[in-house]
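Enquirer: Following this message is one structure expressed as structure tokens.
The values are calculated or read from the model by the stated rules, or taken from the named source; none is laboratory data. Small disclaimer: the values here were computed from a predicted structure and weren't measured. Heads up, the Cβs are rebuilt from the backbone with ideal geometry, glycines too, and the neighbour counts pull from every protein chain shown.
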Amino acid sequence: MNIKSKLVISLLTLAAFSHCTYEPYPQGKELYEAYCSNCHSSDGTGLKDLIPDIRNSTYYSTRKSQLACIIKHGLVAQDSTQVIMDMPPAPKLSNFEISNIINYINHQWNEDFKEVLILDIDADLENCVNQK
Amino acid sequence: MKQLAFLILLSGFLSCKDQDPLPILGRSFEENGVTIHHTIPDFSLLNQDSVYVSNADLENHIYISDFFFMSCPTICPRVKKQMLRLYDTYKNDALIKFVSHSIDGKRDTPSALKQYAYNLDVDTEKWMFLTGNRGDVIDIADDYFVAAFEDSDAPGGFDHSGKIILVDKNRHVRAFCEGTDPDDVTEFFGDVQKLLNEYKK
């Protein structure tokens, strides 16, 4: 066996073993833990009617172009809803970091996962409505 | 053989630790030959219905307590999730109450706290939310060994720890845990059970 096929085999074995725990967005996971999990929990479940469960959020489907905006600029609770807490902005996050977070949560909880590109995020952030 | 002896010794220690009553925490001192233990002092704070609550309202109960503020951007929701775990387990136990103190009396008015409790889906007969002049709450935090102070540099304007505290019928602090650490809280369940057993014998 040449070096190349050995490498392929060992990579395949590795992939097979690590299949269940493999995390394609390690930075996204770290950032989620640091910036989001205090409120939304590591498992995304949130806290009753105080902090939304983000596992089935419409921000992955019908409102997906707004996701980067709410991460960067926060979300102020509207009087018309039952929500009473604001989501704080995270102005320090770069567009690249935001795309990693989005890919992490999408991959984790959205069945129709499709990777977002940094270019999409740049465009989304240009077009935020209600930008503060 | 040595190993066996060691194991027996170890199990002796472990079971011993399990049977010991919970200690009374805090500074105690001797007065005329009597030991005086640290005790939660008298307090009078407003609850979510704008009614003053004092120690008398907790008489004959043990209670589980924490300190927070509604707009807290950091550890508070994490701690509340653990408080909720405890609440879900003990909500039908008549001996236990839950007491959350807001350290942000300016923004966390009684009516805001009422909405908070409603959104948390808890019964305020069982779990009360107290507020007051910020000085009053921050002072009493000391007696629960919780660090809480105003700090404009801290996220949200307050610095405080996420401890969950267990108080017995005699206003003595008997155990606490880090509410940010689910494993620590799991151990704390054992402490709560132990204190309950003290009263249910």
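Enquirer: Within the set of pairs 6+ apart or on separate chains, which have a first residue in the stretch B:109-122 that is more than 8 Å from chain A (Cβ to nearest Cβ) and in contact (Cβ under 8 Å) with a residue 40 or more places away in the chain, a second that is among the small types (Gly, Ala, Ser) and assigned to a loop (DSSP other than H, G, I, E, B), and C-beta atoms under 6 Å apart?
Expert: Filtered contacts from the stretch B:109-122: B:PRO110/B:SER50.
Enquirer: Are any of the residues in the stretch A:47-54 at pLDDT below 90, within 12 Å of chain B (Cβ to nearest Cβ) and surrounded by 15 or more Cβ atoms within 10 Å (Cβ to Cβ)?
Expert: No.
Enquirer: Now, a different point. State which residue pairs qualify: first residue touching a residue at least 12 places away in the same chain (Cβ under 8 Å) and inside the stretch B:167-181, second residue polar (S, T, N, Q) and in a strand (DSSP E or B) in any location, beta carbons under 7 Å apart, and separation of 6 or more residues or different chains.
Expert: The qualifying pairs are B:VAL167/B:SER65.
Enquirer: With the requirement that a residue be of a type in the set (D, E, K, R) and either within 14 Å of another protein chain (Cβ to nearest Cβ) or more than 9 Å from B:MET128 (Cα to Cα) (or both), what does the stretch B:96-108 give you?
Expert: Scanning the stretch B:96-108 gives B:ASP104, B:LYS106, B:ARG107, B:ASP108.
Enquirer: Scan the stretch B:69-86 for residues that are under 24 Å from A:ILE71 (Cα atoms), modelled with pLDDT of 95 or more and more than 7 Å from chain A (Cβ to nearest Cβ) and report the count.
Expert: The total comes to 1.
Enquirer: Here's a follow-up. Looking at the stretch A:72-92 only, could you name the residues that are in contact (Cβ under 8 Å) with a residue 24 or more places away in the chain and more than 14 Å from chain B (Cβ to nearest Cβ)?
Expert: A:LYS72, A:HIS73
Enquirer: Assess whether B:SER54 counts as being at pLDDT 95 or above and over 17 Å from B:ILE165 (Cα atoms).
Expert: Yes.
Enquirer: Here are A:ASN95, A:ASN127: which of them is modelled with pLDDT of 95 or more and either away from chain B (no Cβ under 14 Å) or more than 29 Å from B:LEU113 (Cβ to Cβ) (or both)?
Expert: A:ASN95
Enquirer: Out of all the residues in the stretch B:58-95, which are free of Cβ contacts under 8 Å to residues at least 40 places away in the same chain and over 30 Å from B:ALA154 (Cα atoms)?
Expert: Scanning the stretch B:58-95 gives B:ASP88, B:LYS91, B:ASN92, B:ALA94.
Enquirer: Output yes when any residue across the stretch B:42-51 is among the aliphatic types (A, V, I, L, M), closer than 30 Å to A:SER37 by Cβ and over 15 Å from the mean Cα position of the chain (by Cα), and no when none is.
Expert: No, there is no match, as no residue in the stretch B:42-51 is among the aliphatic types (A, V, I, L, M), closer than 30 Å to A:SER37 by Cβ and over 15 Å from the mean Cα position of the chain (by Cα).
Enquirer: In the stretch B:175-201, how many are over 24 Å from B:PRO77 (Cα atoms) and either among the polar types (S, T, N, Q) or exposed (fewer than 13 other Cβ atoms within 10 Å of the Cβ) (or both)?
Expert: 5
Enquirer: Tally the residues that are closer than 15 Å to B:VAL167 by Cβ and out of contact with any helix residue (DSSP H, G or I) (no Cβ under 6 Å at 6 or more places or on another chain), restricting the search to the stretch B:67-92.
Expert: Number satisfying all stated conditions: 3.
Listed here are the residues, each with its yes/no results for (1) assigned to a helix (DSSP H, G or I); (2) at pLDDT 95 or above.
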residue: B:THR124; (1), (2): no, yes
residue: B:VAL137; (1), (2): yes, no
residue: B:GLY156; (1), (2): yes, no
residue: B:CYS177; (1), (2): no, yes
residue: B:LEU195; (1), (2): yes, yes
